Every structure is written in structure tokens, then in C-alpha cells.
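Scroll down for the structure; my scribbles are underneath it.
None of the figures in this text is laboratory data; all of them are computed from the coordinates on show. Small disclaimer: the values here were computed from a predicted structure and weren't measured. Cβ atoms come from the backbone with ideal geometry, glycine included; neighbour counts cover every protein chain shown.
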Amino acid sequence: MPTDSATTAHAADAYLLRRRPPSEKLLDTGFRQLSLVMASTVAVVLISIFLVVFTGAREAIGEFGLAFLTTSGWDPVNQQYGAFVAIYGTLVTSILSLTIAVPLGVGTAILITEDVLPKTIRDAVGLMVELLAAIPSVVLGLWAIFVMEPAIRPALNLLHAWLGWSPFFNTTAQGPGMAPAILILVVMVLPIITAISRDALNQVPVELRQGAYGVGTTRWGAIFSVILPAAVSAITGGVMLSLGRAMGETMAVTMIIGNSINFNISLLAPGNTIASMLANQFGEADGIQVSALMYAAVILMILTFTVNVLAQWIVRRLSLRY
Amino acid sequence: MATTSIRSSKNNQPNALFDRRPLNFDPTLKRNRINRVLTSIAGVFGALAVLPLFLVLLYVLFQGGRLLSPTLFTQLPPPPGLDGGGIGNAVIGTILVTLIASVIAIPIGVGGGIYLNEYSTRGWFSQFISFGNDILAGVPSIITGVFVYGIVVSTRLFFNQSFSAVAGGLALAVLMLPTVIKTTDEGLKLVPQELRWGSYGIGASKFVTVMRVTLPAAFTPIATGVVLAIARAAGETAPLIFTALFSPFWPEGIFNPIATMSVLIFNFSIMPYEAQNELAWAASFVLVIMILAANLIARWISSLSRN
């Protein structure tokens, strides 16, 4: 008995509440504060991006006002600037490229997620689409200049021969232009749409699928009336995200769009986008031209900001309950 | 079609509760024909999606691969109009600028991710940070170039130097930051709560728990994300055009303009000289190989945990 109580006393000694030394506490709170500061960097950077671009643009906003959005002159000699050509080009190239890329991307995602093909082939297709996303945009631009554009020029001219009566095709394709830029944008946003649609389709509960097949529908009946509706909010969110990406995409578009400052409604003619205007002129600009470019950058930021916020809102709010 | 078959089966076996006809697949049915058409359309879409990768890789490997030689990495680009030369300065420049960006973005990003998942109470502040992180990820890369130009280049912030490798590195760091934060946050979310409780239970402080238990447990997803972010940054051009600029010479320290492969491809592809265009293809080859290798490494890292 006495030995027993002795060991208990020893044990109590060993397990006495030990207070942490101050240095350890300091390290603990210090690390907490440090990580807080690091997380805040995001907010600081984001807000200062808006501030820097907006203060840079203030002079041009005062000078040109809202007319900047609707006039199309870009004249560094007379210091008259209007961004209509670039805004039009940004919207047209991004929206048209998405109209092509969305069916392709969602179709590819369906092909990857449904058991149409053996799993090894589907995984290989998925891997290749992911690798396509990894290719730098400047390399795609180089390829577009020297390989894609010369290759598709006859096809574009055929389009001109058939549809030349419509204003969208009333010029001949002679090199860089909006149409090749749209096609290279398709290549760039396709992997994003495919990846997001694939994740969305994979997250559809397997019971929904089984239920659809259980009542005797075909594969595409199940896809169109059960699986796609269940995944539609995530896919739409992904489409909006890639719209933002397409609007801000710079290098490949700059290299192939022709950077024209004149307005031309034809898709086969050279055009411009806000991002490519910035890439081309920002380095050499001075005076009010810098401010006008910053103004264009503000417009681009507002466009992409709206699209991105909308994308997040869609994913959070419009998800179907099943 | 279906109604007639039921009626006929009822005529044959009036007492059977269920139709005993064997399961059969009639390929001439309208729904099955539509099914086949749609499946082949999806197949064509998939092929179209993969086609550009093959075409781009094919051209980059052929056009760039045939220029591969030791001098490519040891010589400077030639002046316009002359032949030969290499892209040695641009290779070093890309590595240097990406390194600067990684040194800035990875600690801050991992720290921010740790805050979001380990310390924050998921209140309004951390929600604001997560939201801001998603928005920052969506900011066009050219805008980050304009931003760094505005605060570093035009103000001559560093030693009265305008364009510099550090400015380029900062611009790339802004691009990398959201990816690193996101992958750290997501990676830490996967760590089982029991591991943290176990660590607190044996008396470890929060700092020790994060450093010795939680972070190592989430190493694989974080490392995968970080490698992918580095690969993406190495190929970025837009933020570098007017921050790091370009230089036809060997790097002269990190506070001077520096050549990078991506800007070299951009500058040389629009030049009317054969030699420059060929160097652009060669640089594409080197860049694509580096980035694809990084992607495969990332896949290998992420497969480590699965086995």
C-alpha cells in the first residue's frame, strides 16, 4: 500500500500542469499574427491594384468622360483617345470564342465522365486537355502566327465568298484578324471549361444517374434531363470564369488579332482588344496616353470583376437542390 | 412501339404479372439512333479538343527541337539581321524571375492559407479574404503588369531603377499568390481533425501543431499546387512586358531589365527576321519542355499520397 501511494504521488508530480514559457506563447501569438498579415496581403494587393489603376486613369476619365467608351479614334498625335474598338473587340472575341468552346468543352467533359469509352482512353483525353491548359499563351500565339493562321486563311476566304453579303464577313482574310484570335481563344478556354464541367458532372450523385437508368432512359436521355440539369449551376459558373479569362487573355490574342485602331465590323479584318492594346502600347506611352490606357484597364477590370462576381454568385445561389 | 409490345405480350400470356420477354436492344429505335448520333458528336468534340495540343506540340517539337544545340544555351541572341546565336540569357532570366516570384509568393501564400484554415473563425474577415482571393485569381495578368508598373517601375522604387527583374518577379508573385493560398487552404482542409486534436492532447502548442503535424500531413496537395503555380508563372508573358522588359545582354543583377524566354518569344515572333523567328521556336521548345516536365512532376507528387 505505501509503495502504491508513493507512485501515485510521483505520477502526480510528473503530470503537474506545466505552464508554457513566455517565449513559446510569444511564438504562438506571433505566428498567428504573421499568418493574419500574410492573409491580409490578398486584400491589400487587390485594393491597391484598383487604386493604382484608377488613380492612373483619373486624368483621362476627366478629359474624355464616358464618351471614351463610344468613340473610336486612337490618335497619340492629337491626343484624342476612344476605346470603342478595343471594347468591341474584347466583347466580340470573348463571347464568340465561348459560343464555340462551351459545346466543345461540355461535350468533351461528358465524353470523359460517361462510360462511353474505356477508362484508359478517357483518362488519357483528360490528361491531354489538362496539358493543353499548361501550354503558355505566348507559345500558342507563336503557333497561331506561323501555323494556324496561314492554314485556316483559305477556309476564312471561303467563308467570305459565301457570306460576303453580311457585314460580318465583308472583307477578305489577309492575315491577322479577329477570326484567328477567336479560334486561339477557343483553344485557351477549352481546357478550363472542360475541367470545370468534368468536376461538376463527377459531383452529380450516382443515385440520380441510377434512377434515370432505372426508369429506362437512354444514356443521352439521362444526360440531358437528369445529369446536365443537376450540374448546370457549376458549369455556368465555370463558363463565366472562362469568359473572364477570355476577356483578359493577352498574349496569344495580341500576336494574332492585328492590333488595328480602326473600327471594322467584319470578323475577318484586324481588330483590337483592351488587353492587347495595353500590351502593345503601355511600354512606350507617356503623358495622357498612359492615362488613357489606364482608363481602358479600368474598363477591363470592371468587366472581369463583374463576370467573376457573377460566376461566384451563380455557383452559390443557383445550385439545384436534389 | 412500347404499348404495342405490352399488348401483344398480354395476348400471349394473360395471367403473367410481368412480361417474360427477353431483354432486347433494338438499334433501329429512334431513341437508340439519336443516342448513337449524340455519342459520336461527343466523340468528335473530344477529338477536336485534343487536336490543338497535338498540333502545337508537334510544331514546337519539330521547329524548336531541330535547333537544339549546346550553343543555344551558351550564346546571346544575335543582333537583327545576323544568324546563329542562342537564348542563354533568356533561360537564366526566366529561372531568375520565376525564382524571385516563388520566394515572394510561396511563403505569403502558404501563410495566408494557414491563417484561413487553421486560425480564422470563418467570420466576415476570412470570407472577405477568400472572396478577394477568388477575385484576385480572376484579375487579368496584363493588369498585374500595369499595377506593378504603376507602383514599382514608374516610381523607380528600387535604387532609382525603372524596369527590373524584381519588378517582373513581383508581377508574377501577384499572379501566383491566389493559387498558392487556395491550394494551401484546400490541402489543409483534407487533414483529419483527429490529427490536430491528438497533437493538442499531448500538449503541443498551436504553432507546433501547424508546423509539425498539419502542414506535413498536407504536404502533397500543397506541393502539387505550388509546382503548378510555378509552371504557370514561368510561361507568363503579359505581366513581364513592361516590368522586366527585355535585354539582349546577360543578366546584370536583379535590379536591371532582364530577358525572359516568354518575352523573347513575343518580341522575336513579330520580327521579320528568319533567325529571330527560329530562336522564338527554340525558346518555345525549351519553355514547353520545362512546363510539361513541371506538370508531370506535379502529377507524380500528387500520386505519391494515393499509393
(message) So if I average 1/r over every pair of distinct C-alpha atoms in the stretch B:259-307 and take the inverse, what Kirkwood radius in Å does that give?
(response) 12.3
(message) How would B:Leu96, B:Leu279, B:Leu190 line up from fewest to most surrounding beta-carbon atoms within 10 angstrom?
(response) B:Leu190, B:Leu96, B:Leu279
(request) Count the net charge of all other residues whose Cβ sits under 14 Å from the Cβ of A:Ala60, scoring Lys and Arg as +1 and Asp and Glu as -1. (result) -3
(request) Just check the stretch B:135-189 against the gyration tensor rule for me: Cα atoms, a ≥ b ≥ c as the square roots of the eigenvalues, rounded for a/c under 1.5, and otherwise prolate or oblate depending on whether a/b exceeds b/c. (result) prolate
(message) Just to be sure I understand the model, the point goes 7 Å from the Cα along the line to the Cβ. What's the resulting B:Leu48 to A:Leu27 distance in nm?
(response) 6.0
(request) Ignore the peptide's own chain and count Cβ atoms of other chains within 10 Å of each Cβ in B:198-207; give me the average, rounded. (result) 2
(message) I'd like to know which of B:Ile289, B:Pro52, B:Pro107 lies farthest towards the positive end of the charge dipole of chain B, counting +1 on Cβ of Lys and Arg and -1 on Cβ of Asp and Glu.
(response) B:Pro52
(message) Using a 10 Å cut-off around each Cβ of peptide A:217-228, what is the average number of partner chain Cβ atoms that fall inside?
(response) 3
(request) Show which lysines lie in cross-link reach of A:Lys25 when reach means a straight Cα distance below 28 angstrom and same-chain residues fewer than eight apart are skipped. (result) B:Lys189, B:Lys206
(request) Based solely on C-alpha atoms, express the radius of gyration and the Dmax of the stretch B:70-306 in angstrom. (result) 20.5, 71
(message) If you average the C-alpha positions of the stretch A:125-185 and of the stretch B:228-307 separately, how far apart do those two centres end up, in angstrom?
(response) 23
(message) If the only charges are +1 at each Lys and Arg Cβ and -1 at each Asp and Glu Cβ, what is the size of the charge dipole of the protein assembly as shown around the Cα centre, to the nearest 20 debye?
(response) 2280
(message) If I histogram all Cα-Cα distances within the protein assembly as shown using bins 10 Å wide from 0, what percent of pairs lands in each bin?
(response) 3, 14, 23, 24, 17, 9, 5, 3, 2, 0, 0
(message) I'd like the per residue volume of the convex hull spanned by the Cα atoms of chain A, given in cubic angstrom.
(response) 266
(request) Determine the gain in length on full extension of the stretch B:Arg66-B:Leu99; use 0.36 nm per residue of separation and subtract their C-alpha separation, reporting nm with one decimal. (result) 9.0 nm
(message) Run lengths n ≥ 4 of DSSP H only: what is the helix-derived mean residue ellipticity at 222 nm for chain B, with -39500 (n - 2.57) per run over all residues, to the nearest 500?
(response) -20500 deg cm²/dmol
(request) For the stretch A:248-322, just list the percent of Cα-Cα distances falling in each 10 Å bin from zero outward, please. (result) 17, 35, 27, 14, 6, 1
(message) For a quick size check, give me the Cα extents of the stretch A:110-258 along its three principal axes, largest first, whole Å.
(response) 56, 36, 28
(message) Can you give the local net charge around B:Gly112? Use residues other than it whose beta-carbon is closer than 14 angstrom to its beta-carbon, Lys and Arg +1, Asp and Glu -1.
(response) -2
(message) Just checking the output field for B:260-269: average partner chain Cβ neighbours within 10 Å of each residue's Cβ?
(response) 4
(message) Starting from the 7 Å offset along Cα-to-Cβ, what nm value, one decimal, do you get for the label separation of B:Lys30 and B:Trp124?
(response) 5.8
(request) Can you figure out the FRET efficiency of A:Ser72 with A:Thr172, using R₀ = 22 Å and their beta-carbon distance, to the nearest 0.05? (result) 0.50
(message) Given Cβ point charges of +1 (Lys, Arg) and -1 (Asp, Glu) and nothing else, what value in debye, to the nearest 20, does the dipole of chain B about its Cα centre take?
(response) 1660
(message) For a bin width of 10 Å, list the pair-distance distribution of the stretch B:26-139 built from all Cα-Cα distances, rounded to whole %.
(response) 10, 17, 16, 20, 21, 12, 3, 0
(message) Expected output is a single nm value to one decimal: the length gained when fully extending between A:Ala151 and A:Val309, i.e. 0.36 nm times separation in residues minus the C-alpha distance. What is it?
(response) 53.1 nm
(request) Report the label-to-label distance for B:Trp300 and A:Arg58 in nanometres (one decimal), using points 7 Å from each Cα along the Cα→Cβ vector. (result) 5.3
(request) Quote to one decimal, in nm, the extra length available between B:Gln75 and B:Gln193 on full extension: 0.36 nm per residue of separation minus the C-alpha distance between them. (result) 37.0 nm
(request) Would you work out which of B:Gly85, B:Gly201, B:Ala275 lies farthest towards the positive end of the dipole of the stretch B:70-306, given +1 charges on the beta-carbon of Lys and Arg and -1 on that of Asp and Glu, about the Cα centre? (result) B:Gly201
(message) Using the Cα centre of chain A as origin and beta-carbon charges of +1 (Lys, Arg) and -1 (Asp, Glu), tell me which of A:Ile152, A:Val215, A:Trp74 is placed farthest towards the positive end of the dipole.
(response) A:Val215
(message) Running a GNM on chain B with Cα contacts under 10 Å, which residue among B:Leu287, B:Leu72, B:Leu51 ends up with the highest mean-square fluctuation?
(response) B:Leu51
(message) Please list, in order along the stretch B:271-281, the HN-Hα scalar couplings obtained from phi with the Karplus expression 6.51 cos²θ - 1.76 cosθ + 1.60 (θ = phi - 60°), rounded to whole Hz, x for Gly and Pro.
(response) 7, x, 10, 4, 4, 5, 4, 5, 5, 4, 4
(request) Collect residues whose amide H, placed 1.01 Å from N in the peptide plane, falls under 5 Å from the amide H of A:Gln80; neighbours closer than 5 in sequence don't count. (result) A:Asp75
